[in-house]
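A.B. asks: Have a look at this one.
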Amino acid sequence: MPSRPLSSGELTRFRVFAWATGVALLLLVLVAMPLKYLGDSSTMVRVVAPVHGWLYVGYVVTAFVVAYRLRWAPGRTVLLLLAGTVPFMSFVAERKVLHQARPALQAADQPAAPAGPATPAPPAPPA
């Protein structure tokens, strides 16, 4: 069954989840984990880790939608999903998806060319 093209709303949802997941992961890795292991305070990890986890679930769902709509191969889809688990990679993945999806969105927004001839046929000569 053919899929419909990626909509701008689906792309926007993916971009929001990619950025939110990336920020939460950076907060977890660069702030919460050092506080836990160097500052002996695990409060930040108990707050940020579940937030990142739920954001990652949303990222996975929206990434699957994007990959399906753009008809990506399974290997590329897996790389997109893993980008939410590596610091800074969700930002890179978001830019790559945007770069590929924008031309498809612009092409979908263009009106279809008329099916008939561009100019009307000349009138028939009088009989």
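A.B. asks: Where the second residue is of a type in the set (A, V, I, L, M, F, W, C) and assigned to a loop (DSSP other than H, G, I, E, B) and the first is touching a residue at least 12 places away in the same chain (Cβ under 8 Å) and lies in the stretch 59-74, which pairs have Cβ atoms under 9 Å and are six or more apart or on separate chains?
C.D. replies: Every condition considered, the pairs that remain are VAL65/LEU6; VAL66/LEU6; VAL66/TRP72; ALA67/ALA73; TYR68/LEU6; ARG69/LEU6; LEU70/LEU6.
A.B. asks: From the list ALA63, ALA73, exactly one residue is under 24 Å from LEU11 (Cβ atoms) and buried (at least 17 other Cβ atoms within 10 Å of the Cβ). Which is it?
C.D. replies: ALA63
A.B. asks: Modelled with pLDDT under 90, part of a loop (DSSP other than H, G, I, E, B) and either loosely packed, with under 10 Cβ neighbours inside 10 Å or not hydrophobic (A, V, I, L, M, F, W, C) (or both): is that true of ALA112 in this structure?
C.D. replies: Against the criterion (modelled with pLDDT under 90, part of a loop (DSSP other than H, G, I, E, B) and either loosely packed, with under 10 Cβ neighbours inside 10 Å or not hydrophobic (A, V, I, L, M, F, W, C) (or both)), ALA112 qualifies.
A.B. asks: Any residue at all in the stretch 18-30 that is within 13 Å of the chain's Cα centre (by Cα) and among the aliphatic types (A, V, I, L, M)?
C.D. replies: yes
The values are calculated or read from the model by the stated rules, or taken from the named source; none is laboratory data. Note that this is a predicted model, so its numbers are computed, not measured. Heads up, the Cβs are rebuilt from the backbone with ideal geometry, glycines too, and the neighbour counts pull from every protein chain shown.
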